[in-house]
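S.K.: Before I ask anything, let me first share the structure, which is written out below as structure tokens.
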Amino acid sequence: MLISDSRVYRRRFYVLFVFCFLAFNQSTFWLTYSPISQSSQQYYNISESTVNLLLNWGPIIFLPCLPLSYILLNKRSGLKKTVVLLAIVDFIGMLIRVLPTLLNLQSSLTLLFVHLGQILNAACGPLVMSPVTQLSCLWFKPDERTRATTIALMSPSLGATMGFLVSPWLVTKGDDVPQLLYFHLILSIIALVMVLIYYPEYPPEAPSSTAQLLIDNSMNAEHQNTLSKYVDDVRRCFQTNSFVELCLLGGILGGEFAAWTGLIANILSDENFSEQQCGWFGFICTFCAIIGGLVTSTLADTVSFRRSFRLIIIVMLVGCFISVFAFNLFVKTIFSDKSLFESNVMTIGLCVTFAGFFQGSALPIVYESLAELMFPLPESLSASVLVQLSNLTALFVLLIPPYFYRVINFFVLISIGFCLLLMFFVNIDYKRRNEDERKQ
């Protein structure tokens, strides 16, 4: 079908907002216990390793659930089905976490319910991360897609950002933990109601020829999207060298930063910063990542830079490497029990500010580059492979023993240097944009 005068609809902003709200919630719920680690240990009478396990459920459960989310997303009305399932499962998970408090259950059963709630929330992770590029392609014009992708992609970061602030604010001692759980339950109910009231399947008219192709494929492939087809499509992706290099780069960059930010309180435990201060550091890092993503996505949607993804990513990786290198100068490292320079709130804050900004600036462009590179395969395929690698990286970082937190800083620095080197071998082919411009 030739799309010469494509239309867009105001409802696309509602579609994007509801999805972003669900993504925001999922990330906030995942990060429930880490920002209040000491209070959680007191309330549940558990160790720090158990608190870390509650965080680790995210990447652990994410890995086996991702192929299933991809199959669902590429069925008929796949985006709507994915969003409805996401809202329902996250609501059930949050309800399960508060049941021990409502029913006054024993402490041993309480912990079981907490783990089950975290596992259900973790299963929602693929439903949040896989659709980002597919949603933007389906509902937004080509010159809006990168910004829409960035907003959807950064919503989990915003959720983590608010988690760093709201959790320590609501929970100042162990007995305050139920307040936070009730607050999360209310958020999940609001999101579920919004989805059940209205969430459209497709736009009445496709905003681009590639969006129409996406709709047609989902209509005609009801019985073709199976696990074996997913494996075949992934194999096709890995036969493209630039895809492998770019996906490895994005997976390392996204996964290690997610873990690094989530463990910021533990990483700085030897530097005599309070939980509240570490919460602000985590907030600054993730908030600046959001700002950075919005800046570069707006730039990438302009005529001058819409084919300059490679240059944008390289510049942002250079800035990220310098920022993390500076951070390592102000903290204790694996090489020395004394930092090279004395740290304070200002120096650490500046380092995480710039690190978050540059990392957030690069990651959305990586997602869009993969979608361009692998067209006409569904955008959710490249996104699903990327988030799979991100979660493997995050899981690797999170499994580092507590007394080896200094290793994380050095690992992040070396990984960013590796990503920068890798980017020089990537060649981005703008297949999707070429198709849209050819059919206009």
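S.K.: Go through region 365-393 and give me each residue that's open to solvent by less than 10 Å² (accessible area, probe 1.4 Å) and of a type in the set (G, A, S).
M.R.: The answer is S369, A371, S380, S382, A383, S384.
S.K.: Still on this structure: Looking at (1) of a type in the set (V, I, T); (2) in contact with a helix residue (DSSP H, G or I) (Cβ under 7 Å, 6 or more places away or on another chain); (3) open to solvent by 20 Å² or more (accessible area, probe 1.4 Å), which one does T286 not meet, given that it meets all the others?
M.R.: (3)
S.K.: Before we move on, is Q239 out of contact with any strand residue (DSSP E or B) (no Cβ under 9 Å at 6 or more places or on another chain), assigned to a loop (DSSP other than H, G, I, E, B) and modelled with pLDDT of 75 or more?
M.R.: yes
S.K.: On the given criteria, is E435 open to solvent by less than 20 Å² (accessible area, probe 1.4 Å), touching a residue at least 40 places away in the same chain (Cβ under 8 Å) and either in contact with a Leu (Cβ under 8 Å, 6 or more places away or on another chain) or farther than 26 Å from S323 by Cβ (or both)?
M.R.: Judged against the criteria, E435 is not a match.
S.K.: Say we look at region 285-309 and pick out the residues that are of a type in the set (V, I, T) and in contact with a Leu (Cβ under 9 Å, 6 or more places away or on another chain); which of these is nearest to K173 (Cα to Cα)?
M.R.: T286
S.K.: When residues of region 261-272 are filtered for being crowded, with 24+ Cβ neighbours inside 10 Å and more than 16 Å from F330 (Cα to Cα), how many remain?
M.R.: Result for region 261-272: 2.
S.K.: Given the residues T172, T161, which is the only one that is open to solvent by less than 10 Å² (accessible area, probe 1.4 Å), modelled with pLDDT under 90 and either assigned to a helix (DSSP H, G or I) or out of contact with any Pro (no Cβ under 6 Å at 6 or more places or on another chain) (or both)?
M.R.: Only one candidate qualifies: T161.
S.K.: Working only within region 401-432, note down all residues that are in contact with a strand residue (DSSP E or B) (Cβ under 7 Å, 6 or more places away or on another chain) and open to solvent by 70 Å² or more (accessible area, probe 1.4 Å).
M.R.: F410
S.K.: Does S361 count as of a type in the set (S, T, Y), surrounded by 24 or more Cβ atoms within 10 Å (Cβ to Cβ) and within 16 Å of P131 (Cα to Cα)?
M.R.: Taking the combined requirement at face value, the residue does not satisfy it.
S.K.: Which one of these does Q179 not meet: (1) out of contact with any Leu (no Cβ under 7 Å at 6 or more places or on another chain); (2) open to solvent by 80 Å² or more (accessible area, probe 1.4 Å); (3) assigned to a helix (DSSP H, G or I); (4) not hydrophobic (A, V, I, L, M, F, W, C)?
M.R.: If we test Q179 against (1) out of contact with any Leu (no Cβ under 7 Å at 6 or more places or on another chain); (2) open to solvent by 80 Å² or more (accessible area, probe 1.4 Å); (3) assigned to a helix (DSSP H, G or I); (4) not hydrophobic (A, V, I, L, M, F, W, C), just (1) comes out false.
S.K.: So which residues in region 191-221 are in a helix (DSSP H, G or I), in contact (Cβ under 8 Å) with a residue 24 or more places away in the chain and open to solvent by 70 Å² or more (accessible area, probe 1.4 Å)?
M.R.: L196, N217
S.K.: While we're on this one: Has region 274-290 got at least one residue that is assigned to a helix (DSSP H, G or I), under 25 Å from L373 (Cα atoms) and within 20 Å of the chain's Cα centre (by Cα)?
M.R.: Yes, there is a match, as at least one residue in region 274-290 is assigned to a helix (DSSP H, G or I), under 25 Å from L373 (Cα atoms) and within 20 Å of the chain's Cα centre (by Cα).
S.K.: Working only within region 182-218, note down all residues that are of a type in the set (D, E, K, R) and at pLDDT below 85.
M.R.: Hit for region 182-218 is D216, nothing else.
S.K.: May I pose another question? Go over the candidates S308, S336 one by one and state the one that is under 27 Å from F425 (Cβ atoms), surrounded by fewer than 19 Cβ atoms within 10 Å (Cβ to Cβ) and not hydrophobic (A, V, I, L, M, F, W, C).
M.R.: Criteria check complete, one pass: S308.
S.K.: Let me ask you something else. Could you run through region 141-158 and say how many residues are among the aliphatic types (A, V, I, L, M) and open to solvent by less than 60 Å² (accessible area, probe 1.4 Å)?
M.R.: The total comes to 4.
S.K.: Let me ask another. Name the one entry in V114, V15, V84 that is more than 16 Å from the chain's Cα centre (by Cα) and within 28 Å of C278 (Cα to Cα).
M.R.: Answer to the check: V114.
S.K.: While we're on this one: Which condition from (1) part of a helix (DSSP H, G or I); (2) without any contact (Cβ under 8 Å) to a residue 12 or more places away in the chain; (3) hydrophobic (A, V, I, L, M, F, W, C) is the one that F305 breaks?
M.R.: (1)
S.K.: Within 22 Å of L72 (Cα to Cα), in contact (Cβ under 8 Å) with a residue 60 or more places away in the chain and not basic (K, R): which single residue out of G125, G174 fits that description?
M.R.: On inspection, the qualifying residue turns out to be G125.
The values are calculated or read from the model by the stated rules, or taken from the named source; none is laboratory data. All figures in this text were calculated on a predicted structure; none of them were measured in a lab. Cβ sites come from the backbone with ideal geometry, for glycine too, and all protein chains shown count toward neighbours. For accessibility, only protein heavy atoms count, side chains too; no ligands or nucleic acids. Shrake-Rupley method; radii C 1.70, N 1.55, O 1.52, S 1.80 Å.
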